[in-house]
1. As a test of the definition: with a 1.4 Å probe, what buried accessible area, both sides summed, do you compute for A against B, in Å² to the nearest 100?
2. Tally up the carbon and sulfur contribution to the accessible surface of the protein assembly as shown as a whole percent, 1.4 Å probe, everything protein left in place.
3. What does the convex hull of the alpha-carbon atoms of the range A:1-78 project to on average, in nm²?
4. State to the nearest 20 debye the size of the charge dipole of chain A about its Cα centre, where the only charges are +1 on K and R beta carbons and -1 on D and E beta carbons.
5. Please list, in order along the range B:86-96, the HN-Hα scalar couplings obtained from phi with the Karplus expression 6.51 cos²θ - 1.76 cosθ + 1.60 (θ = phi - 60°), rounded to whole Hz, x for Gly and Pro.
6. To the nearest 20 debye, what charge dipole does chain B have about its Cα centre, counting +1 at the Cβ of each Lys and Arg and -1 at the Cβ of each Asp and Glu?
7. Using DSSP to call loops (not H, G, I, E or B), can you name the trypsin sites (Lys or Arg not before Pro) in the range B:1-94 whose Cβ has at most 14 other Cβ atoms within 10 angstrom?
8. If you average over every viewing direction, what projected area does the convex hull of the Cα atoms of the range B:8-112 give, in nm²?
Amino acid sequence: ILNVEQSPQSLHVQEGDSTNFTCSFPSSNFYALHWYRWETAKSPEALFVMTLNGDEKKKGRISATLNTKEGYSYLYIKGSQPEDSATYLCAFNSGGSNYKLTFGKGTLLTVNP
Amino acid sequence: DAGVTQSPTHLIKTRGQQVTLRCSPISGHKSVSWYQQVLGQGPQFIFQYYEKEERGRGNFPDRFSARQFPNYSSELNVNALLLGDSALYLCASSLNSFGELFFGEGSRLTVL
């Protein structure tokens, strides 16, 4: 059974704060690590798909890093805005013929104006 | 361009009934996956289809089945519904088997 753990479960920050979350996953049989943002009443939206150890990706104020050897990824949000309020999900893919993503429970971010 | 569309958006069934959920992928996407999300948990993988063939199946009982049609749309069927099947069912499409997923807004199933 694959375990994908995310921390913290929830986070409240003030507008303008920078924040980061952690996703830990099995360090063996790694193929890819996905990050998704899920706003209330909308559909999950892909932020990043990361495949290489040491990879760093950036989209606007959001960035992510990947360490496949120790099995963790960090997601950073710089200068949080109220519109960043959402659940952030990471998902692990071990590749092979059975393609599936194993999701963590997510981190619920609330940004107060 | 239209995103992934799912129907129905909400439905209520009673125990023992059967349900069919439908999904239309983004045009050009050949892979469709189904996930179940219950409150407080991350989405759980149910099935993946690529080019009309089943490529993956999660830890769900045989009451759950799916298929993909020549136009790449997909149906998820659940027979003999149980209270525990109450969940949000998400469909996602992708260009290939391993790319980022594009999700629909889900079908909210309530079993009474």
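1. 1700 Å²
2. After summing per-atom areas, the C and S share lands at 47 percent.
3. The number I arrive at for the range A:1-78 is 5.9 nm².
4. In debye, rounded to 20, chain A gives about 240.
5. Karplus-based 3J(HN,Hα) across the range B:86-96 equals 4, 5, 9, 9, 9, 10, 9, 10, 8, 5, 9 Hz.
6. Computed charge dipole of chain B: roughly 300 debye.
7. The qualifying sites are B:15, B:52, B:63.
8. 6.1 nm²
The values are calculated or read from the model by the stated rules, or taken from the named source; none is laboratory data. Nothing here was measured: the structure is a model prediction, and the numbers come from that model. In this analysis, Cβ positions are derived from the backbone assuming ideal geometry, glycine residues included, and neighbour counts consider all displayed protein chains. Calculation scope for accessible area: heavy atoms of the full protein, side chains included, ligands and nucleic acids excluded. Shrake-Rupley method; radii C 1.70, N 1.55, O 1.52, S 1.80 Å.
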